[in-house]
């Protein structure tokens, strides 16, 4: 008799097949792979000048005018003579740090609260939901700015602020999934068998409810980087000279338009870090989009 | 339906209250000394920080300060804005019309474009039309607004020199400042004021300066709207009552528009709340890059200068906008969906 | 008996990511005027696909790849009929709802939740009886005075002649000017009310203003029937119309259908997987398996003398009160239609399968008057001159 593959394995394989059949996924994962490689091998690709703080971009002098790409500076330098190439490479690490930090914390808090609210319902649900409803009243960026102003400048404060604001999305998503799953027969069956609530949530409900969260998490990896880079752009995030893409665009702010005869002279100061941000976010969005198509039960097995 | 609306109204009042507590809580993370600094308007006052603390009761218990704050806010006194060099309340009304103007023109474009593109791409699913709109949506969603604005500025201002940043050209701005008796601010919206004052050139110039900001904003925000509409339409078209309509002999037009789209508008109405939030965030980036002195610009500048009262004011305003939008949407929802209306 | 609709070699395929699903394989069935034809088979055997192909409401990725669907709308056209597959979509839109109607399985989902009942029933009148209604209104306008009548008369005159006139279509799109249709809407609603009354629903004036969520399942299904029958179609197709209703409501709906058959509809094509329903309501039966039509016969003949092994197995599998021991089922599984078995698709599960069964699908042969079978067992026997032998039900 032929040994049948475990159904979960089969489903996983089918899901992976569905994900990778989608051209968006292929492009997304390829881009992500490149970024990952750059982030991991950053010390080798762009050796840090200040050993104690590799995130400080090296600069030869303080001249404000950016210099175009040359042999010493592959991507040129930006205002203050910071090497763009270095900033791009180490900025990849920063971007991953931001995304992972915010998504992990916001996700963890959001999922826990949402699961409890959704599963237990009643008073607990009401109270938790009212609190989250209050959080919804203010847009992400505005609230994050308010928190950063209260806590102080700095990339770490930005990350904390974003985490504090983003968890509300995860609560909502998880809660709505759990509300549908909670009444299903397999949950009732587990309860009757005496399985503890915690185990039910962890082993039965969450694996089913996790899909929209995964989609949201991958989209958030991108959008959090956008928000953080905007905060750096206005001066609330990374300090000057720190290897962060948003910060680099801030440095270029006065050089959007060059002298009258050559207005696009300093294009590289904006375009290069800008492209990094766009491509990074694009890769996560493509992945999220592919995941969404793969997980959509209506589109499966058409 | 009246009970439904009433329930929502009270709920939203509660939300407003909660928001104020939250914001006040954030404000309280400042030490009394830092908060005292907000009251300092002259250099000599800076030496008397302890006196200021005593005078304004900045180390009183939380709830006492909260009540005091609420009383002040309801009287319109929200502190002093460093950036504007005037009281926060006054400054707000100077900056608000600029933001309002752009949003007023951009919002219908975003809504109509989003619904139209979403419907079309949903009906012609999986054709090249659908795929190209999806690509457009994903790219739009991935673009940081501020970056896109910078690039547009670089190209259309730096290179082509067709447009320039700001709200009005320099000469007209100078003209308005120098000749207040010739130009009255009726609404604060430059396009409208220009017409009302009989100065068409002002209105046209204002429009000219609106083009780039609206372009930036629309491209980034339409993406969301379109996606929701698209998935709504796809979902609706697979519903059984669409089949019934087909079996009745309905033509494609009736099916797509009368049956599918109307039902698909419901989730769009739901997401409209999110759109308002997004539009606020988009406004911030657009105003900062294009140097338009609206609420978003004010927010960013004040944040850079760690000017807390301004942030509090804007957050409260956001809360109000949220409440008002939700109420409107709830009414709209009840109107569209008879199941809610007649319950 | 005169035919009303007939298919020949109907083949429908679904072009999906997983492969081509060969849903229908050369289906050939005939429905006679004035009769009730039952199409039975297991879930997934292609009954719904057959009737949806017949009405051409198959949506992508499905496609009707070959065959003919011949419809005989009038007595004169009896010999020629109209091949529906050759007609334009506009023709089909006029046909659906007016000459052939269909009702579906799930009454809860079949009605649009944000439109009132009256509106939904009236829609049928709008699509097909616009001309007549305009004429009626015109006559009334000319008889009585009516405020604004002068303006409306030419519009309705145009409507009576050509409802699809570009001018009228334009007016319909402009929000404020749409009001001219007000009288038309009222007329359509009045007819809708009458129709609902005929379905045995109390208080039709009330119901017309209600919404689907206010009604019970049985009433909703009646409304769905009302929508289908609004314009007195010649053929009603009922796609598992009673499968989702509880037994008492099911009985009511079936009674209603039979009653309406005497008055309004001429013929019914009933799809079901419930043999009991077939026994009660149908005149002729067709048995399908995995996209192929196995056997057609008059109801009594099929139940007493099933010829096809699948039909026999199906009838055997119906549990009887007197039975003892385990229930009989058919060995094996329903095949995957992406790679269906060759030839006769039942051959892997058939106890009598032969070499020929794997090669090709046997043609329908007349085993007895009015009783066709598609099985080599039967073709062989007939070739061996065994027409006079009566087969016992379990041979």
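Return yes or no: is residue A:282 at pLDDT below 85, surrounded by fewer than 23 Cβ atoms within 10 Å (Cβ to Cβ) and at the interface with chain B (Cβ under 7 Å from one of its Cβ atoms)? Criteria not met by residue A:282. Can you name the number of the only condition in (1) over 28 Å from residue B:27 (Cα atoms); (2) surrounded by fewer than 21 Cβ atoms within 10 Å (Cβ to Cβ) that residue A:131 fails? Only one criterion in (1) over 28 Å from residue B:27 (Cα atoms); (2) surrounded by fewer than 21 Cβ atoms within 10 Å (Cβ to Cβ) is unmet by residue A:131, namely (1).
When every residue of the range C:108-129 is checked against the conditions, at least one turns out to be farther than 22 Å from residue B:253 by Cα, at the interface with chain B (Cβ under 10 Å from one of its Cβ atoms) and touching a residue at least 60 places away in the same chain (Cβ under 8 Å). Within the set A:165, A:142, the sole residue that is buried (at least 21 other Cβ atoms within 10 Å of the Cβ) and within 11 Å of chain B (Cβ to nearest Cβ) turns out to be A:142. So, in the range A:285-302, of the ones that are modelled with pLDDT of 80 or more and either within 27 Å of residue A:56 (Cβ to Cβ) or facing chain B (nearest Cβ under 9 Å) (or both), which residue ends up surrounded by the most Cβ atoms within 10 Å (Cβ to Cβ)? Among those residues, the one meeting the criterion is A:286. Against the list (1) in a helix (DSSP H, G or I); (2) without any contact (Cβ under 8 Å) to a residue 60 or more places away in the chain; (3) away from chain C (no Cβ under 14 Å), the condition residue B:198 fails is (1). Restricted to the range B:140-150, and to residues there that are within 7 Å of chain A (Cβ to nearest Cβ) and in a helix (DSSP H, G or I), the residue that is farthest from residue A:255 (Cα to Cα) is B:141. Within the range C:229-247, the only residue that satisfies the criterion of being assigned to a helix (DSSP H, G or I) and under 21 Å from residue C:197 (Cβ atoms) is C:229. Looking across the range C:85-97 at every residue that is crowded, with 20+ Cβ neighbours inside 10 Å and under 15 Å from the mean Cα position of the chain (by Cα), the one that is farthest from the other protein chains (Cβ to nearest Cβ) is identified as C:95. Here is a check on your reading of the model: is residue C:31 more than 14 Å from chain B (Cβ to nearest Cβ), closer than 22 Å to residue C:91 by Cβ and either touching a strand residue (DSSP E or B) at 6+ places or on another chain (Cβ under 6 Å) or buried (at least 22 other Cβ atoms within 10 Å of the Cβ) (or both)? Considered against the rule, which asks whether it is more than 14 Å from chain B (Cβ to nearest Cβ), closer than 22 Å to residue C:91 by Cβ and either touching a strand residue (DSSP E or B) at 6+ places or on another chain (Cβ under 6 Å) or buried (at least 22 other Cβ atoms within 10 Å of the Cβ) (or both), residue C:31 comes out as yes. Looking across the range B:243-254, the residues that are part of a helix (DSSP H, G or I) and buried (at least 20 other Cβ atoms within 10 Å of the Cβ) come down to B:243, B:244, B:245, B:246, B:247, B:248.
Only one of the numbered conditions (1) touching a residue at least 12 places away in the same chain (Cβ under 8 Å); (2) within 28 Å of residue A:219 (Cβ to Cβ); (3) surrounded by 20 or more Cβ atoms within 10 Å (Cβ to Cβ) is not met by residue B:147, and that is (1). Criterion applied to C:42, C:80 was being away from chain B (no Cβ under 14 Å), in a loop (DSSP other than H, G, I, E, B) and without any contact (Cβ under 8 Å) to a residue 12 or more places away in the chain, and the one residue passing it is C:80.
A search for C-beta distances below 9 Å between a residue of the range A:116-143 that is touching a residue at least 12 places away in the same chain (Cβ under 8 Å) and any residue that is outside any helix (DSSP H, G or I), counting only pairs 6+ apart in sequence or on different chains, returns A:143/A:137. Within the range A:100-110, none of the residues are touching a helix residue (DSSP H, G or I) at 6+ places or on another chain (Cβ under 8 Å) and within 18 Å of residue A:274 (Cβ to Cβ). Filtered by the rule that a residue be within 11 Å of another protein chain (Cβ to nearest Cβ) and either under 20 Å from the mean Cα position of the chain (by Cα) or closer than 12 Å to residue C:194 by Cα (or both), the range C:205-219 gives no residues.
Every condition in (1) surrounded by fewer than 18 Cβ atoms within 10 Å (Cβ to Cβ); (2) over 18 Å from residue A:245 (Cα atoms); (3) more than 18 Å from the chain's Cα centre (by Cα) holds for residue A:80 except the one numbered (2). On the stretch given as the range A:28-58, residues that are touching a strand residue (DSSP E or B) at 6+ places or on another chain (Cβ under 7 Å) and crowded, with 17+ Cβ neighbours inside 10 Å total 4. Being more than 14 Å from every other protein chain (Cβ to nearest Cβ), modelled with pLDDT under 80 and closer than 14 Å to residue C:187 by Cα holds for only one residue in C:141, C:152, C:158, and it is C:141. Among helices (runs of 4 or more DSSP H) entirely within the range B:275-343, having at least 3 residues that are farther than 20 Å from residue B:224 by Cα and more than 9 Å from every other protein chain (Cβ to nearest Cβ) singles out B:295-304, B:308-336. Of the helices (runs of 4 or more DSSP H) lying entirely inside the range C:154-228, the ones with 1 or more residues being crowded, with 20+ Cβ neighbours inside 10 Å are found at C:182-198, C:204-207. State whether the residues of the range B:223-242 include one that is free of Cβ contacts under 8 Å to residues at least 24 places away in the same chain, within 14 Å of chain C (Cβ to nearest Cβ), within 30 Å of residue C:233 (Cα to Cα) and crowded, with 19+ Cβ neighbours inside 10 Å. Checked against the condition, which is being free of Cβ contacts under 8 Å to residues at least 24 places away in the same chain, within 14 Å of chain C (Cβ to nearest Cβ), within 30 Å of residue C:233 (Cα to Cα) and crowded, with 19+ Cβ neighbours inside 10 Å, the range B:223-242 yields at least one hit. Can you tell me which residues in the range B:161-171 are more than 9 Å from chain A (Cβ to nearest Cβ) and surrounded by fewer than 20 Cβ atoms within 10 Å (Cβ to Cβ)? Across the range B:161-171, the qualifying residues are B:162, B:163, B:164, B:165, B:166, B:168, B:169, B:170, B:171.
The values are calculated or read from the model by the stated rules, or taken from the named source; none is laboratory data. As the structure is a computational prediction, the values presented were derived from the model and not from experiment. As a convention, Cβ positions derive from the backbone with ideal geometry for all residues, glycine included, and neighbour counts pool all protein chains shown.
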